[in-house]
Structure formats: structure tokens, C-alpha cells
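The structure under discussion appears below in the form of C-alpha cells.
The values are calculated or read from the model by the stated rules, or taken from the named source; none is laboratory data. Fair warning: this is a prediction, and the values are worked out from it, not measured in the lab. When we count neighbours, we look across all protein chains shown, and the Cβ atoms used for this are built from the backbone with ideal geometry, even at glycine.
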Amino acid sequence: MRRIIIAGNWKMNKTIEESVSFGLCIKKMFYGKPEVILFPPFTAIKALSDALYDSDVGVGAQNMHFESTGAFTGEISPVMVKNAGANYVLIGHSERRHIFGEDDELINKKMIAAAGSELTPILCVGETFYERQNNLTEEVIERQIKVGLSEINYSKNVIIAYEPVWAIGTGANATPEQASKVHQFIREIISSMYGVGSGDEITVLYGGSVKPENIEELAKMEDIDGGLVGGASLRCDTFVLMWKKLKSVKIC
């Protein structure tokens, strides 16, 4: 059975104190499934992980370097991420690709490093507005996945997040049907790479202006296994509401 997950990517938000406060709120209100994973800024990983140590809430990093050590000023290694208490890492988020210029080959190096460091990576893929308008969505998604997972042994624990770039932080979002079509295509790619049926085993999340108003309709799509949530994950009450709505569709 595929994992059902709601993940909160806080991006460049929350101090250490704010992160811990949020974690304690989630810890108090969270129970059972769907799974919850929080992605605080690097500075708060250790404190948040400590606050959640006796809970089932996962903690991850928003990014990492592919080397374990070295002269890379300002970077954080997978060893450091793991040592701080994180078990997950976002790789290839659209803001890393399009603001910081990360390409598929660099993202693949990070995926290989994550796998070697016993971190569970969430590989983010998605097309721009221009690419969608020019019918390049499938070409872009296929390239990002095949290069991103190159030299990665098959594991159903690898998570993929489809996040159309044109929907992130814009208030717009793909319709459930649009998102589901891409999720189905992602599963086809995985099956073509790793064998028939493998695409049906991995968890594929949708990210792109996910909020309380649309999470239920998105979750009703069979191939959507939860959400990678940005701005709507910054308030505990809103995030818990989204968790409950996801639970009502996927668990009950």
C-alpha cells in the first residue's frame, strides 16, 4: 500500500522558537495517518527534531549538497542533515531549479548522495507555464525523473512530488484532473524504468498552491497520494485542517 503523506515546506520562514512552537502544536493534535513531514529551515531542524522525538511526525531538510564534507561555503551536507535529526530531504524543488539554477545532473548527484546517507528523498518535478502552453509537460517530467533517478536503485520509499511551477505560490493550481493525468504519467515512467507495477507502489504527492479549499478534491484522485504544502503549512490550525481533510478522503 502506498504511503499517504502531507508535507509542510516552510521555505525561508520561522525562527527556531516558532518552529518548535509549531511542532508542539502538531504533536498535540496529530494522531495516526496520514503521515506528516515538516521541512523547516536548516537552523531549526535540530530543535524541531528534538521537540518531536517521541512522535510519528517526520522532519526533513529543504535542500542539501551532494558532498559529505569540503570547501563549499554556505552549504549543508547530507551527513549534517542526518546528524541534525532529519530523515527526509527535498531535492529539485522548483525554486532551487529556477531561482538557483540547479539542473537535472546536479539534482541526480543529490539524489545519489541522499540514498547513500539513508535519507528519504522527495524528488520534485514540474513544468513551467511556457512548457505547459507548448505541450512540453510530459517531455519535461520524463527528463526530470529519468535523469534525477539515474543510477538510483529502485525503492518504493522514494517519493516524487509533482509541482507545476506555474502553480507554486501563485494561488493558481492544477485542476484535480490535470494533476491526476501527470501523476499517472509519472507512474508510467517509473514502471518503464524499474519494471511493470513499480509505478503503482511509489508515493506521488501534488504540490502547487495546495490549501484547505482544494485538498479534498485533489485527494479524491486515485493517483494523488497527498500534498507538498507551502504557504498553507505555516499555520498549525490550517495545516491540521488539511491533514483532517486528507484523512477523510484517503484513510476513512
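Key figures
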quantity	calculated
Members of region 16-43 found to be among the aliphatic types (A, V, I, L, M) and under 18 Å from the mean Cα position of the chain (by Cα), listed by number	36, 37, 38
Residues within region 96-112 that are buried (at least 22 other Cβ atoms within 10 Å of the Cβ) and either assigned to a loop (DSSP other than H, G, I, E, B) or touching a Pro at 6+ places or on another chain (Cβ under 6 Å) (or both), tallied	1
Cross-chain or 6+ apart pairs with Cβ under 7 Å, region 11-29 first and touching a residue at least 12 places away in the same chain (Cβ under 8 Å), then of a type in the set (Ser, Thr, Tyr) and not in a helix (DSSP H, G or I)	27/55
Residue satisfying all of: in region 36-95; farther than 20 Å from residue 20 by Cα and in contact with a Ser or Thr (Cβ under 7 Å, 6 or more places away or on another chain); surrounded by the fewest Cβ atoms within 10 Å (Cβ to Cβ) among these	69
Of the criteria (1) part of a helix (DSSP H, G or I); (2) under 21 Å from residue 242 (Cβ atoms); (3) charged (D, E, K, R), which one residue 56 fails	(1)
Positions within region 143-166 being assigned to a helix (DSSP H, G or I) and not aromatic (Phe, Trp, Tyr), in sequence order	143, 144, 145, 146, 147, 148, 165
Residue in region 186-237 that is modelled with the lowest pLDDT, counting only those that are among the hydroxyl-bearing types (Ser, Thr, Tyr) and surrounded by 16 or more Cβ atoms within 10 Å (Cβ to Cβ)	209
Filtered residues of region 113-137 (kept if assigned to a helix (DSSP H, G or I) and either crowded, with 24+ Cβ neighbours inside 10 Å or small (Gly, Ala, Ser) (or both))	113, 114, 115, 116
Criterion (of a type in the set (Gly, Ala, Ser), closer than 28 Å to residue 14 by Cβ and in contact with a helix residue (DSSP H, G or I) (Cβ under 7 Å, 6 or more places away or on another chain)) met by exactly one of 197, 226, 207	226
Answer residue from region 1-35, given it is assigned to a helix (DSSP H, G or I) and touching a Ser or Thr at 6+ places or on another chain (Cβ under 7 Å) and is farthest from residue 228 (Cα to Cα) among those	16
Region 214-230 residues that are more than 10 Å from residue 246 (Cα to Cα), paired with ones that are of a type in the set (A, V, I, L, M, F, W, C) and in a loop (DSSP other than H, G, I, E, B) (beta carbon under 9 Å, 6 or more apart)	228/210; 229/210; 230/10; 230/168; 230/210
Selection within region 145-154 - polar (S, T, N, Q) and either within 15 Å of the chain's Cα centre (by Cα) or loosely packed, with under 14 Cβ neighbours inside 10 Å (or both)	153
Any hit, region 207-222, residues being closer than 23 Å to residue 94 by Cα, assigned to a loop (DSSP other than H, G, I, E, B) and basic (Lys, Arg)	yes
Residue among 204, 140, 182 that is free of Cβ contacts under 8 Å to residues at least 24 places away in the same chain, outside any loop (DSSP other than H, G, I, E, B) and of a type in the set (Val, Ile, Thr)	140
Condition met for residue 165 (farther than 21 Å from residue 87 by Cα, touching a Gly at 6+ places or on another chain (Cβ under 7 Å) and among the aliphatic types (A, V, I, L, M))	yes
